[in-house]
Amino acid sequence: MTDDAEIERVAAEYLQRLGARAVDWLLEQAEVAYGHGDADSGEAWWEIAEVAVLILRSH
């Protein structure tokens, strides 16, 4: 995933839905994707989780 604005939007959306537990959920999605051999999706979920952490820290 290379669109930073889209990553931030998705991260914020999951934080709005799930609160702080969104980070764990997003990391779980990354693990599932990697486990199924889908490195591209795994990387995307990982990037979204990283941005979610940054958003949480900034508030």
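The values are calculated or read from the model by the stated rules, or taken from the named source; none is laboratory data. Keep in mind the model is a prediction, meaning the values are calculated, not measured. Backbone-built Cβ (ideal geometry, glycine too); neighbour counts: all protein chains shown.
Residues in the range 1-23 that are hydroxyl-bearing (Ser, Thr, Tyr) and closer than 11 Å to Ile48 by Cβ: Tyr14 alone. The set of residues from the range 11-45 being of a type outside the set (A, V, I, L, M, F, W, C), loosely packed, with under 14 Cβ neighbours inside 10 Å and closer than 18 Å to His59 by Cβ comprises Glu13, Gln16, Arg17, Gly19, Arg21, Asp24.
Looking for whichever is within 8 Å of the chain's Cα centre (by Cα), modelled with pLDDT of 95 or more and hydrophobic (A, V, I, L, M, F, W, C) here; the options are Ala12, Ala33, Ala44, Ala39. Which one fits?
After applying the criteria, what remains is Ala44.
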